[in-house]
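Colleague: Next up is a structure, given as structure tokens.
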Amino acid sequence: GVGRGHSAGDDVRGACAFLRSLEAPPRHILLVGCSYGACVVADVADSIKHVAAFALVSPPLGAASALFLCRDVTREAVASGKPKLAVMGEHDQFCSPQRFAAFAESLSPPRTYHLLREEPSEKQKRLKKNVTFSATAWSQEQERPPAASWSLDGLAAGWDRQVSHTSA
């Protein structure tokens, strides 16, 4: 829900704690949030010890101030040293490509971001496919040892039209 986002963040923390309480807990957790969930993940991912990396899909940056009652929920993501992925289609209704690019550039490395260039009629079908492809390849990349490269240059070959940036 709408509010300052604290209860949604508590839900994410609770889900991560549950995963860690399993008989065979995951070594690492990759958090992925879409739309409102992207803002929640941006807010809490850095503070959860076992979150190794996080992905923000179509964060509604143009509406975040209203959704979270003027609380800056992106500040923690911007400062985080954890690997992060940000993905958005260029025709997003809640965030302009310029605002998204400025936000993505402000993320501390390691970071990767993609602005998907799609015609509005193609957006729904192709955005889902491209985001799934990107998140899958990116999450597999995060399993490499820390000394490995964070570069996702090879990922770009799988997309028809995009603007991509990676910094380690």
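Colleague: Has the range 24-46 got any residue that is over 22 Å from Ala86 (Cα atoms), part of a helix (DSSP H, G or I) and either open to solvent by 20 Å² or more (accessible area, probe 1.4 Å) or in contact with a Lys or Arg (Cβ under 9 Å, 6 or more places away or on another chain) (or both)? Give the derivation first.
Modeller: Within the range 24-46, the first condition is being over 22 Å from Ala86 (Cα atoms), and the residues that meet it are 24-27.
After this cut, where a residue has to be part of a helix (DSSP H, G or I) as well, the list is none.
The answer is no; no qualifying residue exists.
Colleague: Could I ask something else about it? Restricting attention to the range 83-119, which residues are hydroxyl-bearing (Ser, Thr, Tyr) and part of a loop (DSSP other than H, G, I, E, B)? Don't jump to the end; show me each part of the working.
Modeller: Of the residues in the range 83-119, the ones hydroxyl-bearing (Ser, Thr, Tyr) are 96, 106, 108, 112-113.
Of everything in the range 83-119, those that are hydroxyl-bearing (Ser, Thr, Tyr) and part of a loop (DSSP other than H, G, I, E, B) turn out to be Ser96, Ser108.
Colleague: Checking the structure you have, find out if any residue of the range 54-71 is in a helix (DSSP H, G or I), modelled with pLDDT of 90 or more and of a type outside the set (A, V, I, L, M).
Modeller: At the first step, the residues of the range 54-71 found to be in a helix (DSSP H, G or I) are 64-67.
Checking the rest, the ones that are also modelled with pLDDT of 90 or more come to none.
No; the residues of the range 54-71 include none that is in a helix (DSSP H, G or I), modelled with pLDDT of 90 or more and of a type outside the set (A, V, I, L, M).
The values are calculated or read from the model by the stated rules, or taken from the named source; none is laboratory data. Since we're looking at a predicted model, the values are computed, not measured. All Cβ positions, glycine included, derive from the backbone under ideal geometry; neighbour counts span all protein chains shown. Note: accessible area is taken over every heavy atom of the protein model, side chains too, but ligands, DNA and RNA are not part of it. Shrake-Rupley method; radii C 1.70, N 1.55, O 1.52, S 1.80 Å.
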